[in-house]
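Each remark here refers to the structure printed beneath this line.
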Amino acid sequence: MQNPMKMMQQVQKMQARMAKVQADLESETVEASAGGGAVRAVVSGQQKVLSIEIDAEAAEDVEMLQDLVVAAVNEALERSREVASRRMQEVTAGLGLPPGLI
């Protein structure tokens, strides 16, 4: 069995690494587009929508534009979640925790 003090130190180190990853994710961005680039969404690593760019021609069909915005934002959010998940798995690697626990 592991020494409780050593285990606490490891937990504290992991918490510090997790806090750094969270801070890094705040400044990391991912982007996705829909409609052949007619709509582009940029999202932070913390799943915050930072910007949406819309090609002027896409604005002519409002219903299509709405669908393209939703598609681009959802894709960017999914990519952001994947990046965050990978970063957290790097922090918890070797701890023997099941995936998705953190």
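The values are calculated or read from the model by the stated rules, or taken from the named source; none is laboratory data. Since we're looking at a predicted model, the values are computed, not measured. Because the Cβ atoms are built from the backbone with ideal geometry, glycine has one as well, and the counts that use them run over all protein chains shown. These accessible areas exclude ligands, DNA and RNA; they are computed on the full protein's heavy atoms, side chains included. Shrake-Rupley method; radii C 1.70, N 1.55, O 1.52, S 1.80 Å.
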Q. So which residues in the range 59-90 are in contact with a Lys or Arg (Cβ under 9 Å, 6 or more places away or on another chain) and more than 10 Å from residue 33 (Cα to Cα), if there are any at all?
A. 80, 90
Q: Residues being among the aliphatic types (A, V, I, L, M), at pLDDT 95 or above, open to solvent by less than 80 Å² (accessible area, probe 1.4 Å) and under 18 Å from residue 26 (Cα atoms): count how many of those fall in the range 50-85.
A: 4
Q: Go through (1) touching a Lys or Arg at 6+ places or on another chain (Cβ under 6 Å); (2) touching a residue at least 40 places away in the same chain (Cβ under 8 Å); (3) farther than 17 Å from residue 87 by Cα and name the single condition residue 30 misses.
A: (3)
